[in-house]
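Have a look at the structure below, then the notes.
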Amino acid sequence: MSKSTAKKKGPASVEFRNVVKRYGTVAAVDGVSFTIEPGTLVTLLGPSGCGKTTTLRLIAGLEIATEGKILIAGEDVTNLSAADRDVSMVFQSYALFPHMNVLDNVAYGPTVAGQPKQAAHDLARQKLALVGLKGYDLRLPSELSGGQQQRVAVARALTMEPQVLLFDEPLSNLDAKLRRRVREDIRDLQRDLNLTVAYVTHDQQEALAVSDRVIVMSNSKIAQMGAPRDLYEAPASLFVADFMGDSNLVDATVEGVADGLARVRVGDTTLELPARGATKGPCKVSIRPESLSVTAAAPAGPSLAGTIRKAAYLGTHMEYTLATEVAELFVVDRDVANPKPVGSTAHLALARTGVSIVPST
């Protein structure tokens, strides 16, 4: 396929309409519906066994739906094989041929598809340059770092110039520092090339960092989907609140609701929060650890008193665990210059963001 043809084709949408995938009597994906807009990166996020990888394989055509419809670029591909769908996948294991050099690995797809060797190599060099590996043609996979191998796998997927690019846990084999660098590379590449990407991970920070939208899955269903900030700051359920990063889930009481705002009693302090459908009575409130700051004296705004049970210095921040009247609370505090000793009494000031009512489900 020529570069001009690929440009004309452009990125594609992906749509699931009430898709079900069963293995015997077990539903691995159960009534899932969503749309990935062209040129966006959407992450399927969730714990092991939630259905996210099966969903990705359904997009790829590596699994066939039991019920429902799957559309790519508006065309029904539900029953098409992987070979008949215009998608490419980057696997967790990279799946590079150890006996082939980088150039031949990247050119493998076009070569098998019948392109002349020179044309396949020219296309492979173009894609290697896109991922920052120009000049690596003759190296073997064993001579590359993990991050470089991942880039080769991405370049190989790009040679097929797919309408949709799929990533299955692409960073799980990399160390923490390299994961951050490679995820930035993937995000930059997706934006620069205007690719439609479906991305699977169980890592919440990774999902928040790379995604236009996140689909959180639980027990084969969608628990919530939306922009990363929406899911983190306004979780729709206790599961999402707890899964999307650390969260202190505390019992509280809604004392009244007016104009979409709820007056919420948490221990001895009162907060005004978006009601999110809450009515007068008991509720749950999610408090993110970074929404709390530790002070020796009582602050002017909403606060909770407690005793420091644990303290840890992590270079860029302190981590505390405090016993309070409402619960044991985990705190991430940026004030590393003035650490508070274990056993001391302290006050927790609550920020305006990162504190929300969790709707009852």
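Here are a few things to note about the model shown:
- Whichever residue in the range 246-264 is crowded, with 17+ Cβ neighbours inside 10 Å and of a type outside the set (A, V, I, L, M) and, among such residues, is modelled with the highest pLDDT: Asn248
- Lone qualifier among Glu15, Glu67, Glu63 - being of a type in the set (D, E, K, R), within 23 Å of the chain's Cα centre (by Cα) and either within 23 Å of Val210 (Cβ to Cβ) or open to solvent by 70 Å² or more (accessible area, probe 1.4 Å) (or both): Glu15
- Going through (1) at pLDDT below 95; (2) in contact with a strand residue (DSSP E or B) (Cβ under 7 Å, 6 or more places away or on another chain) one by one, Glu67 falls short only on (1).
- Annotation note: Cβ proximity below 7 Å between a residue of the range 66-85 that is on the phi > 0 side of the Ramachandran plot and a residue that is of a type outside the set (A, V, I, L, M, F, W, C) and in a loop (DSSP other than H, G, I, E, B) (sequence gap 6+ or interchain) occurs for Ala73/Ser13; Ala73/Gln163; Gly74/Ser13.
- Per-region count, the range 68-116, residues closer than 24 Å to Leu171 by Cβ and aliphatic (A, V, I, L, M): 9
- For the range 101-116, the tally of residues that are of a type in the set (Gly, Ala, Ser) and open to solvent by 50 Å² or more (accessible area, probe 1.4 Å) stands at 2.
- Among the conditions (1) in contact with a Leu (Cβ under 9 Å, 6 or more places away or on another chain); (2) under 20 Å from Arg151 (Cβ atoms), Ala241 misses just one, which is (2).
- For the range 186-233, residues that are polar (S, T, N, Q), open to solvent by 60 Å² or more (accessible area, probe 1.4 Å) and in a helix (DSSP H, G or I) total 1.
- Qualifying residue in the range 284-300 (condition: within 13 Å of Val358 (Cβ to Cβ) and open to solvent by 10 Å² or more (accessible area, probe 1.4 Å)): yes
- Residue list for the range 315-359, filter: under 24 Å from the mean Cα position of the chain (by Cα), surrounded by fewer than 19 Cβ atoms within 10 Å (Cβ to Cβ) and of a type in the set (S, T, N, Q): Thr316, Thr353
- Residue, surrounded by the most Cβ atoms within 10 Å (Cβ to Cβ), within the range 160-185, restricted to residues that are in contact with a strand residue (DSSP E or B) (Cβ under 6 Å, 6 or more places away or on another chain) and of a type outside the set (D, E, K, R): Phe167
- Single match in Ala119, Ala157 (criterion: of a type outside the set (Lys, Arg), in the same structural domain as Tyr94 (by TED's automatic domain parsing) and exposed (fewer than 15 other Cβ atoms within 10 Å of the Cβ)): Ala119
The values are calculated or read from the model by the stated rules, or taken from the named source; none is laboratory data. In this text, all values refer to a predicted model and were calculated from it rather than measured experimentally. Quick reminder, even Gly has a Cβ in these numbers, built from the backbone with ideal geometry, and neighbours come from all protein chains shown. Areas reflect the complete protein model, heavy atoms only, side chains present, ligands, DNA and RNA absent. Shrake-Rupley method; radii C 1.70, N 1.55, O 1.52, S 1.80 Å.
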